[in-house]
Amino acid sequence: MSYWRYPRYVSVAEKRAKAARKLKQLRKKNPAIQPIVLEGSAIAKTWWGKSWNLNLERYADYSNRIGRGRSYVRHGAVLDLQISAGQVNSLVQGSRTKPYTVTIKIKGISKEIWKNMKAACAGKLDSLPELLSGKFPKALGEVFTAQGRGLFPAPQEIGFDCSCPDWADMCKHVAATLYGIGTRLDDDAGLFFKLRKVKIDDLIQQTLKDQSYKLLEKAGKMGPGKIAESDLSGMFGIDMEETMDLDFSKTTEKVSGAGKKARKAAEQSRAKTAKRKPARKTPAKKQANQRSPETSAPKNRVKPAAIKARAKTSVKKATTKRKIAELTDTAQLLDIIKRSKRGLNVATLRQKTGFDEKKIRNMIYKANKEGKIRRAGRGIYLGA
């Protein structure tokens, strides 16, 4: 690109296709990658996502630059976005082949502000699911979004860095990441509290205490051990499959009664066993005669000496057969050597007999020692 020319226009379709190709490559290397994917044109749809984006746009420091990242988010350029305590890391596809690395650091909520938040939420939040879904009084929402005194960070609490060559303080890749955070909060609003380094349970702690006291008072009126499931559902923000009362006192009585019956039955069975008469003893003579088939020796049992004799015989037979085979092979070899007038070497004998070289050399050594053949030259043998 030259200085007197504008860069080539890249259509939205080309940008999306480029981002999709790069995302496919990254997923092969890292299947746990988490891209920002929009459903429709809206960047955020829930209360937490919208409030995050509105908080960024209302500051003068960001209002002129944050808008540059909207198109990047809509084109699927944020290939990965990971939120941890006080930090956000992302990969954003730009004009170059390699995506840019963005790091955003956000300070945690101060202890004073968090204390005020807990006091403001006391008795006003019904359950944790309602808090995460943004279903709470409007007045409480105004407390959360109060500029400089609420849950959302101010510009001085946000620091960022990008690997792109853009000289601006906030490049479009950082802006795209900031908008991507709002989209991610649509999927999991609990990540907001993780990012700000606070515990979400603190905001509904007082509500849980108040509801616990009410449940205990109600249980006292209903009788010992009885708590309605509908009350448990409202307290913990969960749905029960069936509405029924939990009567722990009856269950305890049933269990204790079953235990007593089991112990009584066991004692009776022991008493019966003790009263039983001992079995009659068999006379010694009969015991001697009544041998078990396992202990009694079989009639046709073979003695160890006979086994050894048979083993020796089989060894002798095998040795005799081997010697006969060797004599036959030696006779064949000697016959071939004696019929040759000029003599034969080991290679030729191997071709004619089919024996291996080691066997032929052993037979030649024995035959030469016995005087049956003679050496006509180096490695050549003739009949004696």
* To do: Would you mind listing the helices (runs of 4 or more DSSP H) fully within region 109-160 where at least 3 residues are hydrophobic (A, V, I, L, M, F, W, C) and touching a Leu at 6+ places or on another chain (Cβ under 7 Å)?
  => 111-121
* Asked: In this structure, does residue 181 turn out to be in a strand (DSSP E or B) and either at pLDDT 95 or above or of a type in the set (Gly, Ala, Ser) (or both)?
  -> no
* **Residues that are under 16 Å from residue 92 (Cα atoms), hydrophobic (A, V, I, L, M, F, W, C) and under 28 Å from the mean Cα position of the chain (by Cα), drawn from region 161-208** => 181
* Asked: If residue 93 passes every condition in (1) within 17 Å of residue 193 (Cβ to Cβ); (2) surrounded by 15 or more Cβ atoms within 10 Å (Cβ to Cβ); (3) at pLDDT below 95 but one, which one does it miss?
  -> (1)
* To do: For residue 155, state whether it is surrounded by fewer than 14 Cβ atoms within 10 Å (Cβ to Cβ) and either within 39 Å of the chain's Cα centre (by Cα) or in the same structural domain as residue 52 (by TED's automatic domain parsing) (or both).
  => yes
* residue 59 hydroxyl-bearing (Ser, Thr, Tyr), over 19 Å from residue 40 (Cβ atoms) and either in contact with a helix residue (DSSP H, G or I) (Cβ under 6 Å, 6 or more places away or on another chain) or not assigned by TED's automatic domain parsing to the domain that holds residue 40 (or both) -> yes
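The values are calculated or read from the model by the stated rules, or taken from the named source; none is laboratory data. These numbers come from a predicted model, not from an experiment. Here the Cβ is made from the backbone with ideal geometry for all residues, glycine too, and neighbour counts use every protein chain on show.
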